[in-house]
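Here the structure is laid out as structure tokens; the discussion comes afterwards.
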Amino acid sequence: MTDNAPRTRRVIIDTDAKNEADDQFAIVHALLSETLNVRGLIAAHFGESRSRTSMLDSRAEIDLLLEHLDMPTVRVENGAASALPDESTSLDSPGARLIVEEAHRVDAGPLQIAFLGPLTDMAAALLIDPSIAETDTTVIWIGGPGYGQPEPGEGAEFNLRNDIAAANVVFRSGIRIWQVPRTGYVMSAVGYAELDEKVGGCGPLGDYLVRQLKEWNATWHPEPSEHRALGDSPAVGLMLNPQGGLFRTVPAPTFSPEGGLLPGGRHTVRVCEMFDFRYLLEDFYAKLRRFAAETSTGPSGADS
């Protein structure tokens, strides 16, 4: 690395933070990572199946995490409140404008944008300003189906089906895309026993992360469970350690109204089929423990 090379990666995180219980782990990991210059967090919608105010619910969850982290100066913007109405109509928002603003900066190195939910705000930004597809910007998306044969009865992947039009806009645009599809992100499960041991007890933040995950499973998971996939964390892993992913490059597909793959066009997408989850988890645990130690007070280490 040369002396004038950037010591941090410039990133944005677009998150449907209250959709499930894994975005929270990814957000905290990113904000506790010294090599990530988080230029902003964007609150994303997650459809209407669980809430009619899903984007605002995500915003409230982001604000709560920043409160736990004591990071009041981190920039947060609201994204679109719903999916795009079609592939040619943008939904302008402060979040989409943040993307346009950061993509056109030429003084701070490449930009990476992690999408932990639908691609609505990226598509909106591209429809506002198509020239951002030519900038040094990488979209890292947790979403979409795997590229093999689907299992019988397999439905549309959740982040994709929440805005199929947006996914088509982004995949047709020519912008650089790294995709972690469902077949990749499900390989990131962690059990309650491990979470209790490694995350629980790491101050109020660690306790909250474990509690909200178990509560989500108890409310929404249809079968007995003592684990959860931290499926959004590979996006942060790829920002921290791009060599930690097993990639293949394929023609960038488009998606049918049912969420299936359609033949690709002239662009390509790098598909991350697997990520080094051992590294990712241990890095997260160590940073969370360090944060908890630094923010504790008193001789007994009581939480502040």
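Any read-out appearing in this document is the output of simple, stated calculations on the displayed coordinates, not a laboratory observation. All of these numbers come straight from a predicted model, not from anything done at the bench. Cβ placement follows ideal geometry from the backbone for every residue including glycine, while neighbour counts extend to all protein chains displayed.
Here's how it looks for Leu230: its modeled amide H is under 5 Å from those of Ser188, Ala189, Val190, which are all 5 or more places away or on a different chain. Put simply, the amide H of Gly47, placed in the peptide plane, has no neighbours under 5 Å, leaving out anything fewer than 5 places away on its chain.
The residue list Ala193, Leu240, Leu209 was ranked by how far each Cα lies along the charge dipole of the chain toward its positive end, using unit charges on Cβ atoms, and Leu240 comes out on top. Site pair His227 and Asp70 shows an inter-label distance of 3.6 nm when each label is modelled 7 Å from Cα along Cα→Cβ.
Could you compute the net charge surrounding Thr135? Neighbours are other residues with a C-beta less than 13 Å from the C-beta of Thr135; K and R count +1, D and E count -1.
-3
Among the listed values (1) 5, 23, 26, 20, 13, 9, 4, 0; (2) 6, 29, 37, 21, 6, 1, 0; (3) 5, 18, 20, 17, 12, 8, 7, 6, 3, 2, 0, 0, 0, 0, 0, 0, the one matching P(r) over Cα pairs in 10 Å bins from 0, in percent as calculated from this structure is (2). Amide H to amide H distances under 5 Å link His267 with Ala252, where only residues 5 or more positions off or on other chains count and H is placed in the peptide plane.
DSSP beta bridges confined to the chain are antiparallel in about 30 percent of cases. Distance from the Cα centroid of the range 129-163 to that of the range 207-279 is 10 Å (rounded to whole angstrom). Direction-averaged projected area, Cα convex hull, the range 12-159: 9.9 nm², rounded to one decimal.
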